[in-house]
Every structure is written in C-alpha cells, then in structure tokens.
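Below: one structure, written as structure tokens.
Any read-out appearing in this document is the output of simple, stated calculations on the displayed coordinates, not a laboratory observation. If you're wondering where the values come from, they're calculated on a predicted model, not measured in any experiment. Note that each Cβ is placed from the backbone with ideal geometry, even for glycine, and that neighbours are counted across all protein chains shown.
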Amino acid sequence: MNRIKGSLLAGLIAFFCIVLVINVALYETVLNMSLLSGLVIGTALGLYFSRMTMQGLAVTFCMICLSGGCLALMIPDYTYSEATALVGLTKPGVLAVHEQKKIPGDYDEFSLIRPAWHYHISMKMEDKLVSYRVNPVTGDITQLSND
C-alpha cells in the first residue's frame with residue numbers, strides 16, 4: 001500500500017505544479033489559487049497521515065475529484081494572449097508592451113473561485129498611451145486612463 005500512497009502523493013504534487021505552470025504561462029498569475037491550494041494541501045496531508053484502507057482511498061479519490069472540479073470552475077475564459085487579441089480587434093492603436101500585465105479587479109466581494117485580478121493591456125494611439133482592463137472571465141474591456 002505504500003507504493004499507492006507514494007504514487008498518489010506524486011501525482012497530486014505533479015497536478016499542482018502543472019496548474020502553477022499554466023497559471024504563469026497562460027494566465028499571467030490571475031488565477032485565484034486559494035481554494036485549490038487548500039484542497040491540494042488538505043488532500044496531501046490526509047493522504048500522508050492516513051492508513052490506506054478502502055475508506056481512506058475513497059475519501060482521497062473524492063478530494064482529488066473535488067480538486068479537479070475546482071480547477072474546472074476557476075479557469076477563466078480568456079488567457080492573456082486572447083485578451084490582448086480581443087483588445088487589438090476592438091480598439092484602435094498598436095499594442096504597447098509593459099511590465100505590469102495584471103491589475104486588481106473591481107469586485108465588491110471576495111471569491112475563492114473567481115480571479116481577483118484583471119489583465120492590463122495598453123495600446124499606443126498617435127502620441128497617447130491608452131490603458132485597458134480586461135476581465136479574464138467575461139472579456140469586458142474597460143478603459144482606464146489616457147497618458
């Protein structure tokens with residue numbers, strides 16, 4: 001049974017690492033990892049300290065399925081590159097590269113699943129730099145400022 005426990009722990013850690021890489025590579029770290037982190041850590045600790053009975057395996061399987069469901073709910077509809085293309089298609093100008101690729105969202109309440117950050121995209125029009133905030137879930141574009 002120790003091989004099963006080790007394999008499940010390795011798979012759980014690999015799953016979490018893959019989600020972290022996807023979060024950085026595609027979503028510019030806008031994903032809210034609070035709930036998923038708690039589920040993965042709780043599952044790993046429960047798996048590590050549990051006896052490998054059928055009941056323990058069933059609970060571990062349910063927690064892994066719950067983590068997968070949480071991941072499916074928290075993935076926004078737009079990656080950073082898709083949001084950039086959306087702004088490029090709907091707003092005039094040339095894309096301006098800047099270091100700050102995310103800004104805090106304008107939500108009134110905290111959510112464990114919804115991203116707390118929005119994408120920050122700037123377009124250069126003539127001599128002005130226009131900044132936009134793009135909601136990663138809905139794709140709504142809001143103009144922020146004219147510099």
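Compared with the dominant principal axis of the Cα atoms in the chain, helix 80-90 is inclined by about 30°.
Place a +1 charge on the Cβ of each Lys and Arg in the chain and a -1 charge on the Cβ of each Asp and Glu, then give the dipole magnitude about the Cα centre in debye, rounded to the nearest 20.
720 debye
Here Lys128 is the anchor, and the lysines within straight C-alpha reach of less than 19 Å, apart from those fewer than 8 places off in the same chain, are Lys91, Lys101.
For trypsin sites (Lys or Arg not before Pro), the sites in the stretch 42-147 that DSSP calls loop and that have at most 10 other Cβ atoms within 10 Å are Arg51. Our Cα-only numbers for the chain put the radius of gyration and Dmax at 19.8, 68 Å.
Spatial offset of the stretch 9-30 relative to the stretch 61-118 amounts to 15 Å, using the alpha carbon center of each. Positive end of the dipole of the chain (Cβ unit charges, origin at the Cα centre): among Ala58, Ser131, Ser81, the Cα lying farthest that way belongs to Ala58. Within the shell of other residues whose beta carbon sits under 12 angstrom from the beta carbon of Lys101, the net charge comes to 0, with Lys and Arg scored +1 and Asp and Glu -1.
Kindly express, to the nearest 10 degrees and within the range 0 to 90, the angle between helix 54-74's C-alpha long axis and the longest C-alpha principal axis of the chain. The angle comes out near 0 degrees.
Is it possible to state the helix-based mean residue ellipticity at 222 nm for the chain, with each DSSP H run of 4+ residues giving -39500 (n - 2.57), the sum divided by total residues, to the nearest 500 deg cm²/dmol? What is it? Walk me through the numbers on the way to the answer.
Working: 4 runs with 72 residues, N = 147.
Value at 222 nm, helices only: -16500 deg cm²/dmol.
Across 5 Å bins from the origin, how do the percents of Cα pairs in the stretch 80-146 run, short distances first? Per 5 Å bin, starting at zero, the Cα-Cα P(r) for the stretch 80-146 comes out as 4, 18, 30, 24, 14, 7, 3, 1, 0 percent. With springs only between Cα atoms under 10 Å, which of Met63, Met74, Met52 fluctuates most in a Gaussian network model of the chain? Its mean-square fluctuation being the largest, the pick is Met52. For the chain, modelled as a GNM whose springs connect Cα atoms under 10 angstrom apart, the maximal fluctuation among Val94, Val40, Val19 occurs at Val94.
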